[in-house]
Each structure stands twice: as C-alpha cells, then as structure tokens.
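Following: one structure in structure tokens, then a few remarks.
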Amino acid sequence: MPARGRRPSARLAPSRLPPEGEESVIRHRPSEGAVDRARELRATMTEAELKLWSMLRGKSLGDTKFRRQAPIGRYIVDFLAPATKLVIEADGGQHSVEADAERTAFLEAQGYRVLRFGNAEILREPDAVWRSIEAALRGDHPHPLAARVASPLQGEEALPPLAGSVEAGASFADFIWFRTGGAAEWLVRPRDAADLAQFLGALDPAVPVFPVGVGSNLIVRDGGLAGVTIRLPKSFAKVSIEGDTVRTGAAAMGITVASAARDAALAGLEFLRGIPGTAGGAVRMNAGAYGRDVADILVEATVVRRDGRIETLPGSAFGFSYRHSALPDGDIVVEALFRGQPGDKAVIAAEMDRIAAEREASQPLRSRTGGSTFKNPPGHKAWALVDAAGCRGLMVGGAQVSEKHTNFLINTGTATSADIEALGEEVRTRVKAQSGVELEWEIQRVGKA
C-alpha cells in the first residue's frame, strides 16, 4: 500500500530483454543535436540526479554499467544500462505525467524497461530506491508463465498458457497516474489479439477480468484487485490511415491518434489531443473533450469478448451515452476505426496546439492526478459546483482538490487511494449540501479497500 514509510513509487515498465551486448542496444539513432544537449545536461545535473549517479557508480553492480544523460531517439534518458536495456529516470516537480507516459511508451516500443523515481524519493529514501534498482537488475519483471502458479491473493490458481507475459502481484502504483493502489492479482500482457482471445477463452469464467490502459482516469483501491488485469502492450499501438479513416490499436495514446490524423490532413479528431489515455479506454468510456466525444467519430471497433470470441462491432452497437458505453465488463477493445474528414493540415495543427495550450493553462498536468473527477451534471460544470462549495485546496491525508482546476484531485506525494476516494466523497457531500446537486464520479474506482 502506498503510504508513509512505503517503498518508493518506482514505476517499472518491463519488457522482454534481448541478448546482452552493446551492439543490440540503441536501435534509434539520436536525433540531431541530442548528443550536444546530453553534454549540457551532464553539466547541470540536479541534486537528485547527482545522488543517483553516485549510487550507480559507487555500489556493486557486477558487470552492469550505466551511462548518464544517454540519447535514445528523440529523448535523453537520465541513466541507461545498455547491456540490460534498463532506463532509470529521476522525475522532478515539473514533469508532466502525460509527457512521461508518451516517453515511456516510445522507450518500451524499443525494448527498454523504464524505472522512475521522484526526486524526493531519491534524496529521502536512497536505500529503498537502491533495493528497487537491484530488483530490476535481477530481472524481477514479467515473464512468460503457464500452468499453475502461486497467487499472492487467492492461493494457487490455474492460468491458461499465454504467449505474452504474466506477472503475479504487480503494483498498480507503478504505472497508474495517481501512483497509488494495491496489487493486481495477475497482470497479463498478451502478445496479440489471437493470444488474448485464446487466453480468455480458456480462462475460468468465474475469474474477473479488468482491462487497463495507462490508468489516467482510475483509482485502484489499496487492497488491490482480484482476478486478471489485462494491459495491452505496444504491439497494440499501431496507427494507420485508410482513406478518410484512422485505424488504431487500442494501446495507442489519444495524442498519437490525433497526430496521425493531422499528418494525413484529416480533421475532426483534434479533440483526441486532449484525451490523456489510450484509444481503447476512450472507446470504452466514450471519452470526450472540447465539444466532441468518441461516439461522434467511431466507425467500428474490434473487441475480444470475455469468452474469447473476436468481434468487430459498428459504433452504433456500443450504446454510447455521456462518458459511458454499454460494453460488458470483461470485454476488451483491441482496435478502433475513427472517421475524419479532409481538412487543412495547418488549421488542424493550430487547433491541436490550442487544445494543448488550454490544457496546460487550466489543468494540473504536472501533478499526479486522475483527470476529470466528476461528470458534468446537466446544466452545470462540475468544477464550478466544487468551487462554489468551498472545496478548492481541500485536503484529506495526502490528497488535495487542485487549486488550479477544482474538478481534479491530486496526490501531493503521500496520498493513498483511500485518501483520494475519501476526498472525492467529501467533495460530493459538500456540493450536495451547498447546491442540491449530486455529483457522479467520472473516475473509475475498482478493487478492495
């Protein structure tokens, strides 16, 4: 449970490791100017980066060697162990959770594992940080697993064979945006849709199945989540243009889909620039922003049913309503086809830039947050109701109503999921007393308290 005295909230995004050897490490040539920029960054390292660098150089790591400020494609990572493809990042207070997710997605796609620590964690809990690094170097990452294994929550459990990877007891706090929450009994990453279909078809129907993307609109309670959690890897993130439509894997981020449409001069998908989650999650919850939502653009989506059937459904089959679809629990969106219309590339780009600037100006994007907390009631704006009830800045434990945008709850660094949910319920109580309006959660809340 993430609480005071917990282990640091290292965010490990594991992937399969290639054979060791320097020659197989950097697949993407550094972008122009990256090498010079890396030299500048080495000369201006933060206190936390210097602390971590001294640990990586001074402690026994066997044959593992780290580089600092290492260029990989368009990014410069803080520390890289080339032989094991482990990236370690020191996150300061100005880091954007959304930007970090995009950066991690790129690195994962190249086969890297990414371990993140906050600056405060490095400076205050260096021993615990070091233990997390040692665990990552030992290879404590998801691995192919079949047959019978010991469940940390429910004892021995039989799982069907899987070509992808399975991890028992994976912490949600390692990757969801609030950086809180208990463990997934099983975290499953299928290799492809066929792998997922055969796995679900063979899985005991009594076992609950929960799909998760980047966890941008999610609270996982501190007691963890029973059953199987499905997280689609980057093999499900391919995006292609087909005439006036955009076909996207469910793991692609909204900004990636919007950017592909822009580059193809397709208008109508600009609002996805403001959706801080994956395409699959956007379909499931009919995500929307700036006057449009997924129901306006979805042509069809491919779904793997809980019983393993693969079906492609027209948009009309999803029963969309405000921030909701009728897709049954356990069914998983794996691909979507969105319709655009021919437009002017410069105009589309300008609209996406406007959306990005507006979000940066009005939302706490550089905090640990879960996005919009409450749905807008008919005739009202949730943030205005929260503000009128005197909740701006209100705190419960380490959770706070954002001073910047009152429909956002943030983890100030020490919050538990219980703190965040309790704060949300206190806000709902105060809004009901002040205005008579009962706010409805937009953030999904799952798991055992």
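Where a number appears in this text, it was derived from the coordinates with a stated rule and is not lab data. All values reported here derive from a predicted model rather than from experimental measurement. So basically every Cβ, Gly included, is an ideal-geometry build from the backbone, and we count neighbours across all protein chains shown.
A Cβ-based charge dipole, computed about the Cα centre of region 366-446 with Lys and Arg at +1 and Asp and Glu at -1, lands at about 200 debye.
With contacts defined as alpha carbon pairs under 8 Å and 6 or more residues apart, what's the relative contact order of region 235-348 in percent?
Reported relative contact order: 32 percent.
Candidate values [x] 28.7; [y] 21.7; [z] 24.2 were compared with mean projected area of the Cα convex hull in nm² computed on the shown model; the agreeing label is [y]. Across region 403-419, the residues whose backbone nitrogen lies under 17 Å from the label position 7 Å along the beta-carbon direction of residue 381 are 403-409. Normalising the average separation of contacting C-alpha pairs (under 8 angstrom, six or more residues apart) by the number of residues puts the relative contact order of the chain at 14 percent. Each Lys and Arg contributes +1 and each Asp and Glu -1, all at the Cβ; summed about the Cα centre of the chain, the dipole is approximately 700 debye. Straight-line cross-link partners of residue 345 among the lysines, defined as a Cα under 30 Å from its Cα and at least 8 positions apart when in the same chain: 234, 238.
For region 147-231, what class follows from the C-alpha gyration tensor (a ≥ b ≥ c being the square roots of its eigenvalues): rounded when a/c is under 1.5, otherwise prolate if a/b is larger than b/c, else oblate? Oblate, since a/c reaches 1.5 and b/c is not below a/b.
Farthest towards the positive end of the charge dipole of the chain, among the residues 54, 104, 420, is the Cα of 54, using unit charges on the Cβ of Lys, Arg, Asp and Glu.
Positive-end ranking of 433, 171, 196 along the dipole of the chain, with charges on Cβ about the Cα centre, is headed by 171.
Using a Gaussian network model of the chain whose springs link C-alpha atoms within less than 10 Å, name the residue from 402, 54, 367 with the highest mean-square fluctuation. In this elastic network of the chain, the residue with the biggest mean-square fluctuation among 402, 54, 367 is 54. Only one residue of 224, 324, 310 has its Cα farthest out toward the positive end of the dipole of the chain, where Lys and Arg carry +1 and Asp and Glu -1 on Cβ, and that residue is 224. In the chain, helical runs assigned H by DSSP with n ≥ 4 each contribute -39500 (n - 2.57); averaged across all residues and rounded to the nearest 500, the mean residue ellipticity at 222 nm is -8500 deg cm²/dmol. Looking at the chain, which longest stretch skips every one of the GluC sites (Glu not before Pro) that is in a DSSP loop with at most 14 other Cβ atoms within 10 Å, leaving the sites themselves out? In short, 33-402.
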